[in-house]
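A.B. asks: So that we are looking at the same thing, I have put the structure below in structure tokens.
Each reported figure results from applying straightforward, stated rules to the coordinates on display, with no laboratory input. All values derive from a computational prediction rather than experimental measurement. Don't worry about glycine lacking a Cβ; one is built from the backbone with ideal geometry, like all the others, and counts go over all protein chains shown.
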Amino acid sequence: MLSTAPITVYLQATGGKFLGPHAFQPENITVIFTYDDNSTTPLSYGPPLAIANDGFISDNFVPGCSSSWPIITPAVNGQPTNVNYLQPTTYTIAATGDLVLPEVAQSGTLSASIPLPFGAPLLLTQSLLLLPQQSAFRLIIPVPGLLVTNGSIQSDGSICVYVTMMCGCKITQGLPTSYWLPEDFTVNANILYEDGTTTTYAMSLDTTTNDSLFSVVPATDPGVNISNIFFTALQNSTGNYGYLPLYND
């Protein structure tokens, strides 16, 4: 009878935390291992969202525990650059299961499917070698991108959109949890008008809400002759990128 080995796979937003309760539709994240004979083992993504967390941020790096993918807060307004590290806790969300070990070494593939606000999900793969003497597997797979959601045209003429890390961590300033600062992000509203002309507006963090909401008031009257808007977001320090279309029906 072939033996098995437990596997734990963490999905970490590049520059952020693990994809847990605050990510986009975490209940629909799937991780599957495919053997070289095309048979599969689905992994369980948990613990349940009601008790799960997305990791613990610390300025100490603990070998064998901390992720090697750091959380970097670039220097702004004369403050130094800060580097922090992410550690899992007992209830940190991860994909877990048991893999069947072969009698001789063979390769397989981990596949993660991560929902996005529109279109097809983000698909990530990681090759994995199975050895008969393997006792356990522990992997961290980085998830690139930015989560851009809830674009809207407000009644006061402003255009708004939410931009977060893929883990759902928010862009704020002046808070103890302000690891992701607005100065590190370039957010634009690319407007297409019904007459075919286009204009791009730089968006700024709404400091009143201080809750990852970016907004701008265009020079023209929004909602009158706008055909659609493409919101784009770039994190300058990591190259993380995300976008969202808004169609003004």
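A.B. asks: For Leu175, put the label point 7 Å out on the Cα→Cβ axis and report which residues of segment 231-245 keep their amide N under 15 Å from it.
C.D. replies: Inside the label zone: nothing.
A.B. asks: When the chain is treated as a GNM, springs tying every alpha-carbon pair under 10 Å, which of Leu123, Leu181, Leu234 comes out with the largest mean-square fluctuation?
C.D. replies: With Cα springs under 10 Å in the chain, the top fluctuation among Leu123, Leu181, Leu234 is at Leu123.
A.B. asks: I'd like the distance between the alpha-carbon centres of segment 70-125 and segment 151-230, rounded to an integer number of Å.
C.D. replies: 27 Å
A.B. asks: Looking at segment 20-104 only, what percent of DSSP beta bridges run antiparallel? Nearest 5 please. Mind dumping the intermediate values first?
C.D. replies: Details: 13 of 14 bridges.
Beta bridges within segment 20-104, antiparallel portion: roughly 95 percent.
A.B. asks: Modelling each spin label as a point 7 Å along the Cα-to-Cβ direction, I'd like the Glu103/Phe61 distance in nm, to one decimal.
C.D. replies: Placing both labels 7 Å beyond Cα along the Cβ direction yields 4.4 nm.
A.B. asks: May I pose another question? With label points built 7 Å along Cα→Cβ from the Cα atoms of Asn225 and Thr186, find their separation and express it in nm.
C.D. replies: It works out to 2.9 nm between the two label points.
A.B. asks: Please give the net charge around Pro74, taking every other residue with its beta carbon less than 11 angstrom from that of Pro74, where Lys and Arg add +1 and Asp and Glu add -1.
C.D. replies: Combined, the nearby Lys, Arg, Asp and Glu give -2.
A.B. asks: How much length is gained on full extension from Ser68 to Thr34, taking 0.36 nm per residue of separation minus their Cα-Cα distance?
C.D. replies: Roughly 9.6 nm would be gained on extension.
A.B. asks: What are the residues whose amide H is under 5 Å from the amide H of Val143, where those residues sit 5 or more places off or on another chain and H is modelled from the backbone?
C.D. replies: Gln12, Ala13, Thr14
A.B. asks: Enumerate the calculated ³J(HN,Hα) couplings along segment 84-96 in order (Karplus 6.51 cos²θ - 1.76 cosθ + 1.60, θ = phi - 60°), each rounded to whole Hz, writing x wherever the residue is Gly or Pro.
C.D. replies: 10, 10, 9, 10, x, 10, 4, 10, 6, 5, 6, 8, 9
A.B. asks: Tell me the net charge near Gln173. Cut-off is 13 Å between Cβ atoms, Gln173 excluded, with +1 for each Lys or Arg and -1 for each Asp or Glu. Before the final figure, lay out each step's value.
C.D. replies: On the way: positive: Lys170; negative: Glu183, Asp184, Asp206, Asp211.
Around Gln173, the surrounding residues sum to -3.
A.B. asks: Quick one: which residues, 5 or more positions from Met203 or on another chain, have an amide H under 5 Å from its amide H? H modelled 1.01 Å from N in the peptide plane, none for Pro or chain starts.
C.D. replies: Amide H neighbours of Met203, under 5 Å, 5+ apart: Val187, Asn188, Ala189.
A.B. asks: Follow-up question, since we're still on this one. If contacts are Cα pairs under 8 angstrom and at least 6 residues apart, what is the relative contact order of segment 96-249 in percent?
C.D. replies: 21 percent
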